[in-house]
1. Over 25 Å from the mean Cα position of the chain (by Cα), away from chain B (no Cβ under 14 Å) and either open to solvent by less than 20 Å² (accessible area, probe 1.4 Å) or β-branched (Val, Ile, Thr) (or both) - does that describe any residue in the range C:213-224?
2. Tell me, which helices (runs of 4 or more DSSP H) lie completely within the range A:183-268 with 1 or more residues that are of a type in the set (S, T, N, Q)?
3. Are any of the residues in the range A:121-136 closer than 30 Å to A:Phe52 by Cβ, in the same structural domain as A:Ser215 (by TED's automatic domain parsing) and within 26 Å of the chain's Cα centre (by Cα)?
4. Which of the residues that make up the range B:189-209 are open to solvent by 50 Å² or more (accessible area, probe 1.4 Å), within 11 Å of chain A (Cβ to nearest Cβ) and not in a loop (DSSP other than H, G, I, E, B)?
5. Tally the residues that are surrounded by fewer than 18 Cβ atoms within 10 Å (Cβ to Cβ) and either in the same structural domain as A:Leu251 (by TED's automatic domain parsing) or outside any helix (DSSP H, G or I) (or both), restricting the search to the range A:31-62.
6. Could you tell me how many of the residues in the range B:117-157 are within 14 Å of chain C (Cβ to nearest Cβ), assigned to a helix (DSSP H, G or I) and surrounded by fewer than 20 Cβ atoms within 10 Å (Cβ to Cβ)?
7. Does any residue of the range A:192-203 turn out to be open to solvent by 30 Å² or more (accessible area, probe 1.4 Å) and at positive phi?
8. How about the range A:262-292: which of its residues are at pLDDT below 85, more than 9 Å from chain B (Cβ to nearest Cβ) and open to solvent by 50 Å² or more (accessible area, probe 1.4 Å)?
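The values are calculated or read from the model by the stated rules, or taken from the named source; none is laboratory data. Everything quoted here is computed from the prediction, not taken from an experiment. Cβ coordinates were reconstructed from backbone atoms using ideal geometry, including for glycine residues, and neighbour counts include every protein chain displayed. We work out accessible area using only protein heavy atoms, side chains counted, and drop any ligands, DNA or RNA first. Shrake-Rupley method; radii C 1.70, N 1.55, O 1.52, S 1.80 Å.
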Amino acid sequence: MTQSLTMSRRASPSRISRTLRRRANLGMIYVCVTALVMVMLIPVGWMLSTSFKPLKDVFQIPPRWIPEVITFQNYAAQFNEVLGTLTLNSLIVAVCAAALSTFVGAMTAYGISRFRFRGGPVLMLFFMGSLAFPVPLIMISLYGLFVKLGLLNTYAALVLGHTAITIPVSIWLLKNFFDQLPREVEEAAYVDGATPLKVFVFIVLPMARPALAASAIFVFVVSWNELLFGLTFTSTTDMRPLPAGITLIFLQEFEGAWSEMMALAVIVSVPVLVLFFFFQKTFLRGVTAGAVKG
Amino acid sequence: MYSIKRHPYFFMSLFAPALFLVGGLLLYPIVNGIWLSFTNASPLRPTTDFVGLGNYVYLFEDPQFWDVLGNTVFICSVSTIFCTVLGLIVALLLDSGIRFVGFFRAAVFQVWVVPWIVIAILWGWLFNDEWGIVNHFLRSIGVVEGQMAWLFETELAPWVVIFAYSWRAVPFVMVIALAALQGIPKEIQEAAEIDGAGYFNRLRHILLPLLQNIVMTAALLEAVRFLQEVTIPLVLTQGGPIGATNVLSLFTYKAAFTEWDFGLAAAAGTFWLVFVIIFAGIYNRVALRKSA
Amino acid sequence: MKHLKTSLTALAIGMAATGGAQAEELVYSGWLGTYSYLEPVAGEMEKKFEEQHPGVDFIRQDVPFEKALDQATVAHLGGNASDLIHLIPGWVPAMEAIGGLAPLDDLFTEDELAQIPDAALDALRFDDGKLYALPWVPGPVMMLYNRNLLEQAGFDPDQPPTTWDGLKEMIMGICALPAGDDGKIYGLALRSWSNPNAVQWSIPWIYGFGGDVVDDEGNVAFNTPETVAAYSWLQDISEAGCAPDGFSVGETRNLMAAGKAGFILEGPWGRGLFNNLSENTIKTAPDGDIWVAPLPNAPDGSHRTIGNSHVIAVSSAAEDKQLAADFIKLILFDQGITDMYYERSDQVSTPSADLLSKGPMGADAFTQAFVKELEVYNELPIKHPKFYAILDKVVPEYQRILKGGDIESSLAAADKQIQRLLAR
């Protein structure tokens, strides 16, 4: 917009030179941006490139970006029962944590947003602050708690743990969103005789879909990434999530088979990258709405 | 809209699950953790006794602990500065009127979800001293000869961690800053441009002050996240060489779950908590401007 | 909703069914089944055991090797310990200290125990004089060396070094060979990454210089003249660039398998390992590419080494300990099983002197080289529940020394850290 405006007002020579300069600058900016983006993506590109090379080409000097020989062997070697189990575990835990954290977060956020009470702002501050709670410190007591409840080495331990460390963000995201929702619809429904619960479930939640999605994606990504709970709260392969499983099982066995390691890394990244690729816009809308306002 | 008096049950039912979850899984562990820091708690011991400040004394007498603190502050602060400055630069470039902003933003933002465990594996390969592409690049431009043992030199290994942290966090700062930039009314910028203010003048006097609070908050969030991060030190460097990448999160985790010394780990965790609170307080005063 | 109900009912019925037909269970947890080449062996063990004990259901819980100790600890503290626990010696004290293991002496006959070398049993015997684990796959550590590199450097590959000076000379000689197309050639594939195992792998040098990591009163001590001498020897190699920087066990093995290192310390698994890593291009044989030799003797002529073995233990929570012991007897003393394990894995698959002297293991020179070391190897250099935590305190100082730091002050600092740790 601004560009076309400047272009149309070409009156004085100084304007013209400014426009020219501007175009040259714009060209520079394209170069800079492209270069920066490429630098950012080099590690990922190198990971992809290596993952398709046979092991002996991996150590080639000088290194080649486009593999001489393309092999899918590195990927094929990864598809075994263990990786399948780990992936399934991670999926189950991440989906449950995303659902739990988002749903409970939505209830709390709605309460803080719609009820006027003195504790509200304090609660929000507490949630923000709790992001800085040292996770290992939390884990010590959680460990004892889970032992007592018999939850060690269950999905529940991981889901609860991941919910605990993500629910503050869910609440923040959703509260900001609810604050921006017009209340007229809710009030009208309420006056028509719907119970507050019905208003929340059938009117508010559907309207909040973008924010719910943003929260769910955030929790999913955190859960997919989380290492410490997975290492400590599970003790057998059939319960372990991906990061812990990879650390414990795969990294020891590779013995320097870098191309296979890169293939594994790609496989682990794919689910979150795909999810994120499709929902990025929704996610950004949800996140930036809160961030820019707050 | 609702009031507690008229809708007490609705109010309670909205808060009950969170009360249960947050109370049981965040608040209780923190309070209990602080209590444990004054005991000799360990799952290897049948009983737990009160030991007063014993754990803290032990911790503060340990020269390694002070090294760990130094490493933590260095790695976290440099990473925060890197990712904030870079994220801001990318955002400013993207907001300068070029096209395909959405595409560039999406390309960079994908980095934000690359799992940490993948970064740990990948960084080991990039910085491998014999075959790593980083060393190859440095050799090819003649900066170094032979090999640079990135992961075995105490001066270099922290930088490997810093690069990983910054790389992963740039997209977040970029997205937040970009959203903030796009929220600044165009008239403000145009008015300044017509007044003849050059780009850097506008940047300094208009854009940066408007962005300051948002970007500094994003930076604080990232700093806190770096403090928590443990995958890279645990998997890639294992805290070495000579403890150069041993950070507070790794130290605390290892004390708790490889040495099963809950009391000591709780003391380190409590110290960490107090440190963050004090830091955030100072940061709030110095880095954020009060809304006018 | 209806579907949910149906599936819940099905689930409930399913659980009731398994609950009804309850067989006696024996649960093993360990990493045997996590290696595909060992899975058939695990299957054979299960089959034979269930044949011998009708009505018993043997259940294998696969736990990966790395940090299996953490898992066993977590399981014990969480109250779901397995009956049989697969461990390595360094983990036994920690498990014993939390009361996780059952004493084994009464579960085995004297004849059975007499088949096992004393050195192996002594390491697993604790202050109360009782055995808390039995060696299963003994792994004494020896030197494996690249015969080709030795020859290229002008040494006789049939005459491996017998003194520390001789070893150093050969390492330096190999290290001086010109780099190949794929990089530098190292004399010694030493492990020095930031992991307690790095220090564990340095203990053979300490033994070799006549020292120990535990003094006469049983206190852990690294700052001794012998350790200083041993580490000074290693420092010379490292400072000359003849050992790689900060390599892990995996990386050093790669180096060796790529023919880029002269010497490496390994156990009986070394042959199979280098075979796999080199895709069968490296031959381990007296006249092949790699061969084995004992580490040089100490100045006083004594000879010791460490071991990196597998042991098997019975959980203190096991309901039927004799049943668990029966399984151990099967895997240690059944020649069918031990031979199969050996053929599949190329490892010394039993501590039984009797079985080791016959069958395919008795006929194999490589295996017999390791069998000779069984009388002098020490599985557990420090009998302490904090074994790895102790080594972890030495790691930074060990790395400092390899980078040229002052040895005595570094070791003094390590000792101080260890004392602080043990005072807790």
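1. The answer is yes, given that some residue of the range C:213-224 is over 25 Å from the mean Cα position of the chain (by Cα), away from chain B (no Cβ under 14 Å) and either open to solvent by less than 20 Å² (accessible area, probe 1.4 Å) or β-branched (Val, Ile, Thr) (or both).
2. Those helices (runs of 4 or more DSSP H) span A:209-225, A:228-233.
3. The answer is no; no qualifying residue exists.
4. If the condition is that a residue be open to solvent by 50 Å² or more (accessible area, probe 1.4 Å), within 11 Å of chain A (Cβ to nearest Cβ) and not in a loop (DSSP other than H, G, I, E, B), then B:Glu190, B:Ile194, B:Tyr199 are the ones that fit.
5. Residues in the range A:31-62 being surrounded by fewer than 18 Cβ atoms within 10 Å (Cβ to Cβ) and either in the same structural domain as A:Leu251 (by TED's automatic domain parsing) or outside any helix (DSSP H, G or I) (or both): 4 in total.
6. 2
7. So far as the range A:192-203 goes, yes, one or more of its residues are open to solvent by 30 Å² or more (accessible area, probe 1.4 Å) and at positive phi.
8. A:Phe278, A:Phe279, A:Arg285
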